[in-house]
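A quick write-up on the structure given underneath.
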Amino acid sequence: MINSKVIIVGGGPAGSTCAWKLRQKGIDCLILDKKPFPKPKLCAGWITPGVLDDLAITQDQYPHGLTKFNKFQVHIFNKELKIKVHQYAIRRYEFDDWLLKRSGVTVYTHDVKKIIQDGPNYILDDRFRCQYLVGAGGTHCPVYRTFFRPVNPRAKNLMVVTLEEEFQYDYQDGNCHLWFLQNKLPGYTWYVPKSKGYLNVGIGGYFEKLKSNGDNIKNHWLLFIQELERLSLVKNYQFNEKGYTYYIRNGVENVQIDNVFIIGDAVGLATQDMGEGIGPAVESGILAAEAIISGTSLDLKSVRKYSFPWYLTALRLLASRLFS
Ligand SMILES: Cc1cc2nc3c(=O)[nH]c(=O)nc-3n(C[C@H](O)[C@H](O)[C@H](O)COP(=O)(O)OP(=O)(O)OC[C@H]3O[C@@H](n4cnc5c(N)ncnc54)[C@H](O)[C@@H]3O)c2cc1C
């Protein structure tokens, strides 16, 4: 049996941030992840400067590609607007691996299946034992499944379906493009050029809304790649897109049961306007570590709900109500 005071299931941004903070205080902790790192993770990879601040990373310290965007080219109702922003884009393949290594904790490649409580301890797959268990396993987190599903059910109407591909491409347009409300998509599509010649294109939308319109995400993907071709943003490329689902932020009341915690996508914390989850994953990882260190309850109500200032969010929500 491998013993550790804290075991974190999942080595994404939520898990690695929690581990990093615990290690800073010298707390015994390990991470279990079902896949070896570095590994691909479907994600556009936008992060705000606030995420870098939370992670105490300066632009110079980060050794991989960090693309800076000062504006977004927003396409809406056949108009193109330039919106001033202060955003960065990273590649998750590099970012997640770097954060995990920086945390300095031991990582086991292990797919957690069975978790039981044994007095004050938790035992995972008859192999790992801990006093504190942190569920950072994303949408399909086994800690969420075992302990939290009944008390913290995820709202079906907040489930987002996505299709995406990140690939090497000799892109000619280095701007970040976003399309809202195209073909009545209850979501948006993106074109994000990244460092070292990588391009990320993707689409995300609310599953229930698509279904109630008799629609699906694949239809919108096909229209989207036609649009990329029409605008000469991506030409003659054979796409091999992949899909993933996750949840937009809902209730965050039940995130701790005894010494078991859930954070990041395991809770469903992605921002309500843009569906960004890296920042909330990082914030919740820090808060979980602080709760374990200080012996207080985990409270995630302070985790940011929106990516953009309230007026941009209000405008977008209003437009989506009027036109979807
Ligand atoms: C297409 C797409 C685009 C996105 N774009 C953005 C964006 O631009 N900006 C942004 O901020 N957010 C974006 N998001 C959301 C963001 O990716 C997530 O919110 C974020 O990754 C959540 O981090 P996490 O650490 O909670 O979970 P994850 O990053 O999902 O990490 C969970 C980890 O747990 C591991 N795991 C799962 N099950 C088990 C198990 N049984 N045993 C052991 N390990 C397990 C997984 O292998 C994984 O490494 C996007 C999401 C999608 C799908």
- Neighbour-count order for Cys29, Cys130, fewest beta carbons within 10 angstrom listed first: Cys130, Cys29
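How big is the charge dipole of the range 35-187 about its Cα centre, in debye rounded to the nearest 20, if each Lys and Arg gets +1 on its Cβ and each Asp and Glu gets -1 on its Cβ? Walk me through the numbers on the way to the answer.
On the way: 21 positive and 16 negative charges, 104 e Å.
So the dipole magnitude of the range 35-187 works out to roughly 500 debye.
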- For the chain, with the dipole built from +1 on Lys and Arg beta-carbon atoms and -1 on Asp and Glu ones, taken about the Cα centre, which of Tyr108, Phe308, Tyr93 lies farthest toward the positive end? Phe308
- Could you line up His86, His140, His177, His220 from fewest to most neighbouring Cβ atoms inside 10 Å? His86, His140, His177, His220
- Check: C-alpha center the range 215-245 vs C-alpha center the range 6-81, spacing in Å is 26
- Message: For the range 32-126, what does the relative contact order come out to in percent, with C-alpha contacts under 8 Å and a separation of six or more?
- Response: 37
- Message: Multiplying the sequence separation of Lys114 and Glu208 by 0.36 nm and subtracting their Cα-Cα distance, what value in nm do you get?
- Response: 30.8 nm
- Task: Could you size up the charge dipole of the range 178-225 around its Cα centre, putting +1 on the beta carbon of Lys and Arg and -1 on that of Asp and Glu, and report it in debye to the nearest 20?
- Result: 120
- Message: Only Cα pairs within less than 10 Å get springs; with that Gaussian network setup on the chain, which residue of Asp96, Asp173, Asp299 has the largest fluctuation?
- Response: Asp173
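Using 0.36 nm per residue of separation minus the Cα-Cα distance, give me the extension gain between Ile2 and Asn216 in nm, one decimal. Each step should come with its number before you reach the end.
Numbers: separation 214, 0.36 × 214 = 77.04 nm, distance 4.51 nm.
Residue separation times 0.36 nm, minus the Cα-Cα distance, leaves 72.5 nm.
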- Task: For the pairs Lys41/Lys68; Lys35/Lys305; Lys34/Lys235, note any where the Cα-Cα span goes beyond 25 Å.
- Result: Lys35/Lys305; Lys34/Lys235
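About the Cα centre, and with charges only on the beta carbon of Lys, Arg (+1) and Asp, Glu (-1), how big is the dipole of the range 1-103? Nearest 20 debye, please. List each step's numbers first, then the result.
On the way: 17 positive and 9 negative charges, 35 e Å.
Its charge dipole is roughly 160 debye.
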- Query: When the helix-only estimate is applied to the chain (DSSP H runs of n ≥ 4, each -39,500 (n - 2.57), divided by the residue count), what is the mean residue ellipticity at 222 nm, nearest 500 deg cm²/dmol?
  - Reply: -7500 deg cm²/dmol
- Query: Gaussian network model of the chain, Cα springs within a sub-10 Å range: biggest mean-square fluctuation belongs to which of Gly202, Gly138, Gly243?
  - Reply: Gly243
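Could you grab the relative contact order for the chain? Cα pairs under 8 Å, six or more apart, rounded to a whole percent.
Numbers: 679 pairs, mean separation 70.8, N = 324.
Contact order relative to length: 22 percent.
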- For the range 114-273, what is the relative contact order in percent, using Cα pairs closer than 8 Å and at least 6 residues apart in sequence? 30
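Quick check on the exposure proxy: order Arg304, Arg154, Arg230 from fewest to most C-beta atoms within 10 angstrom. Display every interim value, and only then the final one.
Numbers: Arg304 16, Arg154 19, Arg230 9.
So the ranking, lowest neighbour count to highest, is Arg230, Arg304, Arg154.
Provide the FRET efficiency to the nearest 0.05 for the Glu290-Lys242 pair, computing r from the beta carbons and using R0 = 35 Å.
Numbers: r = 35 Å, r/R0 = 1.00.
It comes to 0.50.
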- Query: So what J values fall out for the range 168-178 if you push phi through Karplus, 6.51 cos²θ - 1.76 cosθ + 1.60 with θ = phi - 60°, rounded to Hz, Gly and Pro as x?
  - Reply: 6, 7, 7, 6, 9, 10, x, 7, 8, 10, 10
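Every read-out reported here was derived from the displayed coordinates using simple, explicitly stated rules and does not represent laboratory data. For clarity, every value in this text was computed on a predicted model and none was experimentally measured. We place every Cβ from the backbone using ideal geometry, glycine too, and count neighbours over all the protein chains shown.
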